[in-house]
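Below: one structure, written as structure tokens.
Since every read-out is calculated from the coordinates, none of them should be taken as a lab result. It should be emphasised that the depicted structure is a prediction, and the values quoted were computed from it without experimental measurement. So basically every Cβ, Gly included, is an ideal-geometry build from the backbone, and we count neighbours across all protein chains shown.
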Amino acid sequence: MNKALSDTPTPFRLNGREAAPMLFPGQRLSEVLREGLGQRDVKIGCDAGDCGACTVLIEGEPVCACLTPAHQVAGREVETVQGLHANDPVAAKLAQSFLDHGAAQCGICTPGMMVSAVALLRDVPEPTEAQVQDALGGVLCRCTGYRKIIDAVMGAPSVAIATAGKVGDAVQHLDGIEKVSATVKYGDDIAPVGCLEILVIRSPHARAVFEIGDLEGFAQAAGLDAVLTAEDVKGQNNFGVIPGFEDQPVFAERETRFRGEAVAALIGARDVLRAIDPEMVPITWTELPALQDMDAAEDQKADQLHHGRENNVMCTGFVTCGDPNAALGRAHVIVEGRFESGFVEHAYIEPEAGFAEVVNGRVEVHACTQAPVMDLEGLERVLGLDRSDIRVVPTATGGGFGSKLDMSVQPYLALAALKTGKRVRLCYTRTESMQCSTKRHPSDITLRIGADKTGNLCGFDFCGRFDTGAYASWGPTVANRVPVHASGPYRVADYIAQAKGVHTNNPPSGAFRGFGVPQAAIAQECLFDDLAEKLGMDALEFRVLNALDNGVPTVCGQVFDQGVGIKACLEALRFAWTEERAGVEAFNAQNDAVKRGVGIASGWYGCGNTSLPNPSAIKCGIRADGTVVLHQGAMDIGQGANTVITQIFATALGAEVGQITLVGADTDVTPDAGKTSASRQTFVSGNAARLSGEALRAMILERLNVAEDAALEFSAGEIQATDAGGARVLDLSALEADSDGYVLRAEESYDPPTKPLDKNGQGHPYAQFGYAAHLAVVEVDTALGTVTPVKFIAAHDVGQAINPMLVEGQVHGGIAQGLGMALMEEYIPGRTENLHDYLIPTFGDIPPIETIIIEEADAHGPYGAKGLGEHVLIPTAPAILNAIKHATGVRLFKGPAIPSVVHATLKKSVT
Ligand code: FES
Ligand code: FES
């Protein structure tokens, strides 16, 4: 047990009250606040001074609580966001402004942002943009793209409007107040102070065999409560997300396949675990040669990672139509290129975290996630229990972007709770999170495209390899989805696209906004520019000429007779395209070393699973007191599902969003709305919400015998319906309540109509696509190789903007991630495993973004809406790379375009 720093408590003022915790040597202020004083509004994203999530004020000055020794606050005033929100009018006004601009998405960075902003606003009530960027520059956000935070702090006019919240209204996030007041609870905020914790022991090598020694003896000597190894897994010691590809062990047995793979877990009190050096755990490691890249993995002599996956090829995907070889043979011009990209880390600010306990013989797991029912199914498999013995209750999720679709902490929590019978918690360190979570697949793509004299596409031959790492995760989805999308949203009659996932001894690659489509779009959109140039055509007009349209088959032979909005997106950029190019021409004439360029690129994305069942169910009910309840199980990871789905439901029912009480995801009480993935929630769960709202409304209308267009008014204990015949009242207290307490209830589900793909990839993979086109203006310092984005204009066809403010928020956040992928983000296993060495965009990196919303309604979408979550990132990187080419004349084939790469490429181009 740790000895306290002194025999007496250390007094200081916390949010205007006296606090006097006992301090221990080396304690960080963040730990004392969160664990000693229950101040869990102070968030931990890195514990290393890199993310700013833990920012608090000491004597009015913002500091990182994770870097501040706790004893330094003795006798001083400490303020956290909860205290500021409650006591400081500046913070209260700022909170309102955050709500009015949608400046908090997942909300995990919001405490740090608001605390830093309050410090600024106390000194400078009307700051400039530069002052905001400077004051908040140390706080990272992975969701918003920062622009709305800047607007909120500067007090720009409100975007949100106070209305009933019907479809199309820019209402505030319905869960926004919990985020700006920091009362929302994330994965590491749930557990009671003092409960047992878990330390996962991981492989220090990319590939090794190991032997576990006397772990029980070690546990006893160290004062641990229990240990876990593969022997404790009573079900199957493997999990995964795609049926047939459940290949990742909870605990490796004999051999590890990537650095950071789990082999054992120690369970004990926090201070007992802190005293343990993982190297002292009795495990003998023998490092083996690792397959670090796809070339090594596909070598005939390479060791095979998984039985039955010859040459380490996990699986392949294929789409073809027409005769691509013949078309390329008759093409007037052909361009070709090989494009490579590396790992990209999700870098959500909330590391994976959760809590578990056994309640009445059932194990309950509370953790951040994008897919609670998939977690339940995974736990069923691993624990060997019936699903009725497991409950999954998601916490708020501080960003996911795909990686929190896979289980992370859940099996360890459940196994530990079951083994000890006690409450346990687990929060990954930042390094642990970056080592073992999934990544965007590195890609190696070769592509040939032809065009005829008039500029029509004439042959397209795509071949992509994707490094899927040690385990399958979502690799099969990438291999299947890429060939369907590699054409981009264009008319390509003669097409072949092949993709494969290759196993290496790298961390598993999984889902990350776009599932491989952003990598494919880089190759296709860059070569489209080169093709247009070779033809002497304008790059935008070349795209418009070849754009898909209603009635034109996709490369899968799917013909949409409505809802194809890519031309409208491209045409929306036409004015800016001309104007910006004229602007950079004038700029470049005045500048020698610094050159500007303008680039465009398009993207499309099929919403939902590819040719697979993909249902969502939404339940609702009305209580006798008149409360309207919506069981909304679509995980809101910051994108706004809670708000959007409620808007759709309220519109269908004929109520106001403020009248709806939300019950969130919980596998005991809320039906399965599927995973938050593949841009499906607005479309699929939105349709289920619409159907549920309509069903509930129909019941009310029928009971009151009023017309379909009757206006409903919900009040305490009754519903009034008014139509041309007058008003009628339904007395809810006269109705019998069911076991859930509902006097009226409905539950509806929706599954998009798709058709399987045949052996040539022909079929109906998705019921709808969304479309996008981005324009980027960049500045390149040709002497240094630095690239600075100056402006983005993004046109998105969303069918129907359910909430335009949230659409804009998604666009900003996606562009920020696409910018990171294009210019700076480079995950290298063993080297960039923290937020200091792995750089993500900060305030100063994101220029102004203009969002153009196109509404080409889709017949399948709820009120015409289409998905958006993945689309927002797909065109960004190629638009930037095309802008770099326009500025410098040099095409980059390997990303990211970090200064050393740009500089070397420019140098090579002149020698
Ligand atoms: S948690 Fe303190 S800076 Fe990241
Ligand atoms: S809202 Fe900033 S990290 Fe999610």
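Structure notes:
- Part-to-part distance (alpha-carbon centres) for region 596-643 and region 784-833, which is given in Å: 20 Å
- The alpha-carbon of K894 sits under 12 angstrom from the alpha-carbons of these aspartates and glutamates, leaving out residues fewer than 8 places away in its chain: E340, D444, E826.
- Net charge over other residues, Cβ less than 15 angstrom from the Cβ of S341 (K, R count +1; D, E count -1): -1
- With N as its number of residues, region 320-369 has a Cα radius of gyration that, divided by 2.2 N^0.38 Å, comes to 2.67.
- Note that region 621-630 has calculated 3J(HN,Hα) couplings of x, 10, 8, 4, 7, x, 5, 9, 10, 10 Hz, one per residue in order, obtained from phi through the Karplus relation 6.51 cos²θ - 1.76 cosθ + 1.60 (θ = phi - 60°); glycine and proline are x.
- Binned Cα-Cα distances of region 84-192, short to long, each 5 Å bin given as a whole percent: 2, 13, 23, 24, 19, 11, 6, 2, 0
- Proximal lysines to K234, defined as alpha-carbon separation beneath 20 angstrom and excluding residues fewer than eight positions away on the same chain: K419, K422
- Ordering of 175-188, 309-322, 807-820 by packing is 807-820, 175-188, 309-322, highest average first (other Cβ atoms within 10 Å, averaged per residue).
- Panel note: the C-alpha atoms of region 1-162, placed on their principal axes, show extents of 54, 28, 28 Å (largest first).
- Region 671-768: trypsin sites (Lys or Arg not before Pro) falling in loop per DSSP and having at most 14 other Cβ within 10 Å: K759
- At 1.002 mPa s and 20 °C, Stokes D of region 616-750 from Kirkwood alpha-carbon radius, µm² per second: 144 µm²/s
- Length released on extending from V544 to T420, taking residue separation times 0.36 nm less the Cα-Cα span: 38.3 nm
- Pairwise label distance in nanometres, A326 with A734, each label 7 Å out on the Cα-Cβ vector: 7.4 nm
- The mean sequence distance of close C-alpha pairs (under 8 Å, at least 6 residues apart), as a share of the length of the chain, puts its relative contact order at 13 percent.
- The loop-placed trypsin sites (Lys or Arg not before Pro) in region 435-485, going by DSSP, that have at most 14 neighbouring Cβ atoms within 10 Å of their Cβ come out as K453.
- Whole-number D in µm² s⁻¹ for region 525-676, Kirkwood Cα-pair radius fed into Stokes-Einstein, 25 °C, 0.890 mPa s: 122 µm²/s
- Cα-based radius of gyration for the chain, normalised by 2.2 N^0.38 Å, reads 0.94.
- Summed residue charge, Cβ within 12 Å of A302's Cβ, Lys/Arg positive, Asp/Glu negative: -3
- Charge dipole (Cα centre; +1 on Lys/Arg Cβ, -1 on Asp/Glu Cβ; no other charges) of region 136-295 amounts to roughly 880 debye.
- Above-threshold pairs, the threshold being 32 Å between Cα atoms, out of K43/K93; K148/K185; K179/K866: none
- Only Cα sites of region 37-95 enter the Debye sum here, all with the same form factor; the resulting log10 I(q)/I(0) across q = 0.13 1/Å is -0.33, listed in q order.
- For region 118-275, the alpha carbon positions stretch 64, 41, 31 Å along the principal axes, listed from largest to smallest.
- The alpha carbon centroids of region 99-172 and region 319-375 are separated by 29 Å.
- Extension gain, V890-D295: 0.36 nm per intervening residue step, less the Cα-Cα distance, totals 211.5 nm.
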